[in-house]
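Here is the structure we will look at, set down as C-alpha cells.
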Amino acid sequence: MSLRAMRGLSLDQAPPLSVVLPFFVAGALSAAAAGGLLAADGSAALTMPLAPTTLGATHLITIGLLMLVMMGALYPMIPVVLGVPVPWIRLSHGVFVMVGAGVGLLVAGLTNSRADLVAAAMVGLGLGVACFLPPAAWAAFRSPAKTPTAWGIRFALLSLAAVVLLGLLMARGHAGSVFPGDRWLFVRVHVALGVLGWIGSLIVAVSWQVVPMFYLAKEVPGWQRYSVLGALVLGVGLPPLGLLLAPWLGSALTEAAVTYGASPALFALFVAHPWVTLKSIRDRRRKRAHPSVLFFRCGLATAPLVGGAAILASISDEPRWDLLYGFLALVGWAAMIVHGMLSRIVPFLVWFHRFSPLAGLQPIPSMNALLPARWTRVGLGLHAGAVGLGAVGILTGHDFAMRGAGALLAGTGLSLAAMIVHVALQRPASPAANLDLGS
C-alpha cells in the first residue's frame, strides 16, 4: 500500500464497520438475484430493452448492486478522503433498509406488472435517498478539498439526486399513472444521469484514490484528471438540458441533444479514463500486484466495447445494441471495477478497524492475509465468464448462453457475498478478541 497515496487521509474519521458492510453484502446478493432472474428466463430476459424482466434485472444491478455498494462506500470515503465526517451517521441503517426494500419492491413490481408494488417502491427508494443525500452532500460540499477526486464525488452526488428524481417521475408510468413524455428520450437521459453521471463519476473519482493507494501505481497527472472530469460534466449535462429545453428546441434538436449530447462523457469514461488508468497500472513500481488488479484491467478493457455498443445503439434501431450497451456497461465495466474495489476495500477496512490498533502490541496479520488470493481469482473467473456468455447470448439470441450467463452471475454475487462475510469474520487472536474495534 502506498504511503504517499495515504498521505492526507483522515482514517480516524472512518465510520464503524456496522455502517458499511451491510450495504456491501446486500449489493452482492442483489447481483446473485439478477443472475437468478436471467438464468430462469434465459433469452426472454434480454430480448427487448424495456421488457419487464429486463427492467427488473437492470435495476437489480443499478440499484441493488451498484447503488447500495456505492452508498456504503461513500460513508467512509467522504470523511477519509475529504476530511469531513458524514453527519447523522445512524441514518445509514434506515437508508440501508429503505433502499434495500425499495429495490426489492421495484423489481417485483416491474417483473409482475404490479402498479401497487412500484408505488410502494417509489416511497421506499425516495425516502432512502432523501436520508442519504443531504448528510453526504453536506459533508462533501463543506469540505475544503479541491482535488479531482473531491469534485468527482460532488458531481456524482448531484447526478444521483437528478437520476433519482427523474426515475421517480418515470416510475409513475408503471404505478398506474401516465408516463411523462417520449419514453425513449426519458430513458436515454435517465441512462446518462445514472450510468455516466452517478456511476461513472464515482468510479472515476474513487479510482484516482484507490489505484495509487492499493497498487503503488503512478498518480494520473492532474490535467488529465481534470480533462476527464470536465468531459464528464459536459456529457452528463447536455442530455437533460436538451430534454428541459424541448419546447423551444423542437423534436429534431431535442433528440440530437439527448442522443448525442452524452458523447463527451462516453469518450471520457470509455476511452480516456481507461487509457490513462491502464497506463498508470502498467507503470506501477511494484510489478507483482494483488489479483484484484485484474478486475481493473478487465473492467477498463471492456470500456471501449461499451463505447462501441453505445455508438451502434445510437445509430441503429436494432434492440440488441441497446441491450449490449447496457449489459457491458453495468455488468462488464461498472460491476467488474466495483467488484475489484471491494476485494481491496473490505480487507482494508476490517484490518484498519480491528487489527491496526494492535500493531506493536501483538502479532497481527497483513491485510492480504485476510483474503486469500484464490477467493479473488474465483470471483474474477465467474464474473468474466458471466460477461462473456452474456454478450454472446445478446448477440446471438441463444437461450443456453443467456441462462449460463445468469448462472455465472448468480455465482459471482454469492462468491462476492461469501468473500465479504469471510473477511468480516476475521478478528484479532485472543486475548485481544474482546476488542471489537470495528463494530
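The values are calculated or read from the model by the stated rules, or taken from the named source; none is laboratory data. Quantities reported herein were computed from a predicted structural model and do not represent experimental measurements. All Cβ positions, even for glycine, are placed from backbone atoms using ideal geometry, and neighbour counts span all protein chains on display.
For beta carbons closer than 7 Å, sequence separation of 6+ or different chains, a first residue in region 228-250 that is in contact (Cβ under 8 Å) with a residue 12 or more places away in the chain and a second that is among the charged types (D, E, K, R), the qualifying pairs are 239/188. Can you say whether residue 378 is assigned to a helix (DSSP H, G or I), among the aliphatic types (A, V, I, L, M) and surrounded by 22 or more Cβ atoms within 10 Å (Cβ to Cβ), as far as the supplied structure shows? Considered against the rule, which asks whether it is assigned to a helix (DSSP H, G or I), among the aliphatic types (A, V, I, L, M) and surrounded by 22 or more Cβ atoms within 10 Å (Cβ to Cβ), residue 378 comes out as no.
Condition first: under 18 Å from the mean Cα position of the chain (by Cα), among the aliphatic types (A, V, I, L, M) and assigned to a helix (DSSP H, G or I). Can you find one or more residues in region 138-153 that meet it?
From region 138-153, those under 18 Å from the mean Cα position of the chain (by Cα) are 149-153; that's our starting set.
Restricting the remaining residues to those that are among the aliphatic types (A, V, I, L, M) gives 150, 153.
When the remaining residues are screened for being assigned to a helix (DSSP H, G or I), the result is 150, 153.
For region 138-153, residues under 18 Å from the mean Cα position of the chain (by Cα), among the aliphatic types (A, V, I, L, M) and assigned to a helix (DSSP H, G or I): present.
Considering 98, 70, the condition of being of a type outside the set (S, T, N, Q), farther than 18 Å from residue 199 by Cα and modelled with pLDDT of 95 or more is satisfied by 98 alone.
Condition check: in a helix (DSSP H, G or I) and either at pLDDT 90 or above or surrounded by fewer than 21 Cβ atoms within 10 Å (Cβ to Cβ) (or both). Does residue 414 satisfy that?
Working: in a helix (DSSP H, G or I): yes; either at pLDDT 90 or above or surrounded by fewer than 21 Cβ atoms within 10 Å (Cβ to Cβ) (or both): yes.
For residue 414, the condition - in a helix (DSSP H, G or I) and either at pLDDT 90 or above or surrounded by fewer than 21 Cβ atoms within 10 Å (Cβ to Cβ) (or both) - is met.
Candidates in region 154-197 are the residues that are assigned to a loop (DSSP other than H, G, I, E, B) and of a type in the set (A, V, I, L, M, F, W, C); of these, the one that is surrounded by the most Cβ atoms within 10 Å (Cβ to Cβ) is 175.
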